[in-house]
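One structure is given here, and the rest of the page talks about it.
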Amino acid sequence: MSHRSRPVYLVHDAAHLARLLGVEAPCCAQVAMSTAGEAHPFASFVEGNPLSGQWIVDTESPGSRIVSWSGTLSDEGLFADEPRTWMRAGHERFGAFLDEVAPALHHHRRTLCFRPHHRHVLGDVHSSVKLLRDRAGGPFEVLLSPADMLAPSMLRDAEDHLTRMFAHLGPVAAGVLLGDLTQGPSTAATGCFESVPFGQGLLPTAVVARLVAEYVPQTTPIVLFPGELDRQRALLGL
């Protein structure tokens, strides 16, 4: 299979799609749609904190895959710094959440695909691989999202961190979400980067392109954010 045949999807704002389709209200936050051939969704993206006890999802959202954050124990915001999230309390809460939603996912023939973030219970390679191993055969997946997994303190050794992410998760992830990151006015205070489309930020694009080619199967979807799509594809050799 040629490099050009790799499936590529683009993230769309669900509210905008709903208006175009004449739907009164969107059933999710974003939808990743194919960029070539017949239009079909890779996944619906939902917001919210699964560890809050108030996380809900519309099972009528487009596609059979639902992408969600894994969540935090913080009461100060979805991306606030809360060390308990990575400790026993966070993992126990997350395990209980998985047990709770698994029957409904099976019933509706849906998979829940987690988007790791360095502030969430699935915040690194180890926790993501452990989920896939411990819940093998269940309705759970991982979306490799390198920009979300990099904290500002990791940027100096970004190539090493990216290599580990792709080596362990590239072969087994449901897809690869390729955004980029940049320093914003609040980055120093919050410890979180701001998100931008791939190639418009601080990630080493040539390194990412090499790692995609080396570790990600040709059949694994690449998901991009809007903004100079042709340039993003060119940077990745797609």
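The values are calculated or read from the model by the stated rules, or taken from the named source; none is laboratory data. Predicted model, so just to flag it, every value in this text is computed and none were measured. Using ideal geometry, Cβ is built from the backbone for each residue, glycine included, and neighbour counts are taken over all protein chains shown. Areas reflect the complete protein model, heavy atoms only, side chains present, ligands, DNA and RNA absent. Shrake-Rupley method; radii C 1.70, N 1.55, O 1.52, S 1.80 Å.
Name the helices (runs of 4 or more DSSP H) wholly inside the range 86-187 in which the number of residues that are under 14 Å from W69 (Cβ atoms) and modelled with pLDDT of 95 or more is 2 or more.
Working: elements: 88-108, 125-134, 146-149, 158-169.
It comes to 88-108, 125-134, 146-149.
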inquiry  = Of everything in the range 136-163, what is open to solvent by 10 Å² or more (accessible area, probe 1.4 Å), of a type in the set (A, V, I, L, M, F, W, C) and in contact with a strand residue (DSSP E or B) (Cβ under 6 Å, 6 or more places away or on another chain)? Give them in sequence order.
reply    = F140, A147
Failed condition for A167, given (1) closer than 18 Å to A151 by Cβ; (2) in contact (Cβ under 8 Å) with a residue 12 or more places away in the chain = (1)
query = Pairs under 7 Å by beta carbon, first residue farther than 18 Å from V208 by Cα in the range 130-159, partner hydrophobic (A, V, I, L, M, F, W, C) and open to solvent by 70 Å² or more (accessible area, probe 1.4 Å), six or more apart or different chains?
reply = L132/V172
ask   = Mind checking whether some residue in the range 97-107 is under 19 Å from the mean Cα position of the chain (by Cα) and open to solvent by 30 Å² or more (accessible area, probe 1.4 Å)?
value = no
request  = Report yes if some residue within the range 167-174 is open to solvent by less than 20 Å² (accessible area, probe 1.4 Å), over 15 Å from the mean Cα position of the chain (by Cα) and farther than 24 Å from T35 by Cβ; otherwise report no.
outcome  = no
task = Can you confirm whether the range 206-226 contains a residue that is acidic (D, E), modelled with pLDDT of 95 or more and either farther than 25 Å from C113 by Cα or open to solvent by 60 Å² or more (accessible area, probe 1.4 Å) (or both)?
result = yes
